[in-house]
1. Take the conditions without any contact (Cβ under 8 Å) to a residue 40 or more places away in the chain, under 24 Å from Ser127 (Cα atoms) and surrounded by fewer than 20 Cβ atoms within 10 Å (Cβ to Cβ) and apply them to Asp355. Does it pass?
2. Among the residues of the stretch 345-372, which ones are in a helix (DSSP H, G or I), more than 19 Å from Ala118 (Cα to Cα) and either of a type in the set (Gly, Ala, Ser) or in contact with a Ser or Thr (Cβ under 6 Å, 6 or more places away or on another chain) (or both)?
3. Any residue at all in the stretch 394-408 that is aliphatic (A, V, I, L, M), over 30 Å from the mean Cα position of the chain (by Cα), more than 22 Å from Pro74 (Cα to Cα) and surrounded by 17 or more Cβ atoms within 10 Å (Cβ to Cβ)?
4. Could you look through the stretch 292-326, keep only residues that are polar (S, T, N, Q) and assigned to a strand (DSSP E or B), and pick out the one that is surrounded by the most Cβ atoms within 10 Å (Cβ to Cβ)?
5. Here is a list: Val419, Val414, Val460. Which entry is part of a loop (DSSP other than H, G, I, E, B) and under 20 Å from Asp330 (Cβ atoms)?
6. Checking the condition out of contact with any helix residue (DSSP H, G or I) (no Cβ under 6 Å at 6 or more places or on another chain) and either buried (at least 24 other Cβ atoms within 10 Å of the Cβ) or of a type in the set (Phe, Trp, Tyr) (or both), which residue from Ala171, Ala159 passes?
7. Pull out all pairs, ordered by first then second residue, where Cβ-Cβ is under 8 Å, the residues are six or more apart or on different chains, the first lies in the stretch 302-325 and is over 24 Å from Ile255 (Cα atoms) and in contact (Cβ under 8 Å) with a residue 24 or more places away in the chain, and the second is hydroxyl-bearing (Ser, Thr, Tyr) and surrounded by fewer than 16 Cβ atoms within 10 Å (Cβ to Cβ).
Amino acid sequence: MGTRGRSRSERRERAARGAPGRPVRRGRRWALWGGGAVVALLLLAGGAAFWVYQGLDGNIRGADVDAKLGTDRPVNLSPGSKNILVVGSDSRAGGNAKYGKGLVTMQSDTLMVLHLSADRSWATVVSLPRDSWVPIPACDKGDGTSSTPHTFKINSAFAIGGTSGRVSEAAACTIRTVERNTGLRIDHFVSVDFQGFKGMVNALDGIEICPRSAIHDPKAQLDLEAGCQTVRDEQALGYVRTRYSIGDGSDLGRINRQQEFLQALMGKAQQKLTSPGALYGVLDSITKSLTTDNALAGIKPLYGLASELKGIEGDRLTFLTVPNYAREADVPSDRANVVWQFPQAAELFDSLAQDREVDKKKLEAAAKNPVHAKSVRVRVLNGSGRPGAASKVAQSLTALGYSVTGTGNAPAPVERTAVEYPAALKKHAEVLASRIPGAATRAAPVETVTLVVGPDFRSVR
């Protein structure tokens, strides 16, 4: 039903939520933030007209990232499934230069991981907030130097790798960072920039939104009055980018707006399927701003992706945001970032790594009462035989907000890393253990949670 056919009360209800004007169809939650998925779904919707769009192949840029990812990568635990990293890029190059003063590096505005099950019966899309405070591994900066491992916002990985201005290095560093923190092996990546997004909206003659109150955001170059209205071009881009002047000012609110906006965009695109010119315009606009890995670079492989998505029922396509909480709970001076909530985040990624469908309601229920890292007091002991191992691990835990009470050597060498705990601190131990892949947990006669570092220890995720 179109906007005009909707009752005033329904329009007011949507305006109160600040949602785009078209209703979200729960059975068909198609929208994915990222050019590759949008193109694939539009191609699927176009069906018989596929041959018309083969000429768009030349628009899509491929990037060779395989050689830049190294060999220290997660093992593929579910052959046949696919993990696709989707990046909304706000590079300041070319036509995007006006969107950020003093920003000379490539930027990633949005990150999502699309997991396709091996049997293609379900899919899950996990949003990773750009302000997630995570370990960033050493990356090739593309200028002959490498970055130093450190802890910072997850979206900084794109800028670090993109120091030279090449998407391949930017994507490689982002993939390494996502793999390092999720344990998921990324099979493909898709990146689309500002210009491609605007082109899609303009080709569809704009998208209706219904903000509850006026929005005036100089950073997003946005000035909107309250109420339902159609936005296009700079206004549409500003609406999905605005953050500080709407809602609670968080990146999480922006993620919800982006998902809802793109659901509305897909709905309007489906209405335009009878107009080859309009659909071609959408595809032409976005493919000109699209970069993928070499294996996915082309209309044919994207159409193949669409075909794989075709059989997934609407209620088996799940949108999630990785469980998280404000980092201020661990570091009072930090009011800008979020940290992933463990063990829930680990359970989410471990399920996807093993190709197990995630129950969204159960995940959200389990995340209601987070155990903050700061409340986990841990003693770190070195049982690996490697000098200085306890101190290095303690530094990593401290950077993530954990309260390290001391370090030392274990009474005897151990074969495997383990988290020991007194019975009263089992939940705290589970939070810590979930951040250390392969760590065993066991109750022991200890006064506080104790991490015994073994020779198998690799990193804290």
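The values are calculated or read from the model by the stated rules, or taken from the named source; none is laboratory data. Values in this document were obtained by computation on a predicted structure and should not be read as measured data. Here the Cβ is made from the backbone with ideal geometry for all residues, glycine too, and neighbour counts use every protein chain on show.
1. No; evaluated as a whole, the condition is false for this residue.
2. Ala345, Ala346, Lys360, Ala365, Ala366
3. No.
4. Thr292
5. Within the list Val419, Val414, Val460, the selection yields Val460.
6. Ala171
7. From residues that are over 24 Å from Ile255 (Cα atoms) and in contact (Cβ under 8 Å) with a residue 24 or more places away in the chain, the pairs are Gly311/Ser121.
Table: residues versus (1) among the basic types (Lys, Arg); (2) in contact with a strand residue (DSSP E or B) (Cβ under 7 Å, 6 or more places away or on another chain).
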| site | (1), (2) |
| --- | --- |
| Leu305 | no, no |
| Gly314 | no, no |
| Leu320 | no, yes |
| Ala329 | no, no |
| Arg335 | yes, no |
| Phe342 | no, no |
| Phe349 | no, no |
| Ala353 | no, no |
| Lys361 | yes, no |
